[in-house]
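Data block below; observations after.
Where a number appears in this text, it was derived from the coordinates with a stated rule and is not lab data. Worth saying up front: this structure is predicted, and the values here are computed from it rather than measured. Cβ: placed from backbone, ideal geometry, glycine included. Neighbour counts: every protein chain shown.
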Amino acid sequence: MTRSLLFAMLFAALPVALPAAAQDLAVSPVAGSIHMISGQGGNIGVSTGADGFLMVDDKFAPLADQIRAQLEALGEGELKFLLNTHFHGDHTGGNEVFGVETPIIAHHNVRARLMTEQRRGGQITPPAPPAAWPVITFDDAISIHFNGEEVKVLHVPHAHTDGDALIFFTGSNVVHMGDTFFNQRFPFVDMDSGGTVEGIVAAGRAVLAHVDDETRIIPGHGPIASPSDLETYLRMIEETRAAIAAGIEAGQRLEELQAAGAGEEWASWGDGFISTERWIATLHRDLTE
Ligand SMILES: [Zn+2]
């Protein structure tokens, strides 16, 4: 499938009544020198200051001009580094545009997956063009010293995928968690690409071990979060997982578990990309494979 076709399909999946303005990007201050660019695709984190811009993730290639306009509105300077939290196209689609002028940094497995054809369920994604490939890769961790703070990049194994990175802006007290965190909605766990529910919980716990009450968290999808929002997300995963495990133990089939739902408290969490039925299927697969 071509990128443009995939993109068209993603747009086609949106409700038809969506107003045009809702597809525009919006920029919000997070804390310190960090802003978030939200809208279509995964959330972008941006560091601005005397050194220029460092950007975390880049949505889809057709949004590159809009992203550039948002950077220009934030200040002067060049885009010096681009980080990828993981390989998915809604976080790395802009690599082929920005990678021509800026070094891209990511976990080894992000480069490996962008260089090769990827299959997820019945969906085939062709290799990304060479300009989109990360040129600096790491195993466990790497630090970038930029705009007066240490930007610590930490790999968390087998979480949303097999190449996730958490980005800690240590001076600004901001963390970008990529898709290890979907705030107020059920997460996508890419089990065909090495993701596991256990790894997502471990990533959340690793963040909570490094933060205080003032820390602001940029999730891969959803609004800017606090550590307490992350705790609620982890509680959702653990409670719904325990309920599905108990149902499996009692001999219930997936269809019965889906019909029973995930509980009243989490009813609105299925309104996003991952429905309640799909989240229950994810937990079921994770618990039975
Ligand atoms: Zn993702």
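For the range 157-165, 3J(HN,Hα) computed residue by residue from phi via the Karplus equation (6.51, -1.76, 1.60; θ = phi - 60°) reads x, 6, 10, 6, 9, 9, x, 6, 10 Hz, glycine and proline entered as x.
Restricting the GluC sites (Glu not before Pro) of the range 52-88 to loop positions (DSSP other than H, G, I, E, B) with no more than 13 neighbouring Cβ atoms within 10 Å leaves E76, E78. Among the GluC sites (Glu not before Pro) in the range 89-146, those placed in a DSSP loop whose Cβ has at most 12 other Cβ atoms within 10 Å are E101, E117. Using the Cβ of A206 as centre and a radius below 13 Å, the other residues enclosed give a net charge of -1, where K and R count +1 and D and E count -1. Comparing mean-square fluctuations of S28, S172, S47 from a GNM of the chain with C-alpha springs under 10 Å, the top value falls on S28. Ordering G171, T282, F146 by Cα displacement along the dipole of the chain toward the positive end leaves T282 in first place; charges were set at the Cβ atoms of Lys, Arg (+1) and Asp, Glu (-1). Of the residues A250, A73, A64, the one that moves most in a GNM of the chain with alpha-carbon contacts below 10 Å is A250. Among H91, H145, sorting on how many other beta-carbon atoms sit within 10 Å of each Cβ, with the fewest leading, yields H145, H91. Neighbours of R241 by Cβ distance under 10 Å: Lys/Arg scored +1, Asp/Glu scored -1, total -4. How charged is the neighbourhood of G39? Take every other residue with its Cβ under 9 Å from the Cβ of G39, and add Lys/Arg as +1 and Asp/Glu as -1. That works out to 0. Volume per residue of the convex hull around the Cα atoms, evaluated for the range 3-235, comes out as 115 Å³. Considering only L82, L257, L54, the Gaussian network model of the chain with Cα springs below 10 Å gives its largest mean-square fluctuation to L257. The dipole here belongs to the chain: it is taken about the Cα centre, uses +1 on the Cβ of Lys and Arg and -1 on the Cβ of Asp and Glu, and is about 540 debye. How high is the relative contact order of the range 3-235? Use alpha-carbon pairs under 8 Å, at least six apart in sequence, and give a whole percent. The normalised contact order for the range 3-235 reaches 15 percent. Need one word for the range 184-289: rounded, prolate or oblate. Basis is the Cα gyration tensor (sqrt eigenvalues a ≥ b ≥ c); a/c below 1.5 gives rounded, then a/b vs b/c decides. It is prolate, given that a/c is not under 1.5 and a/b is the larger ratio.
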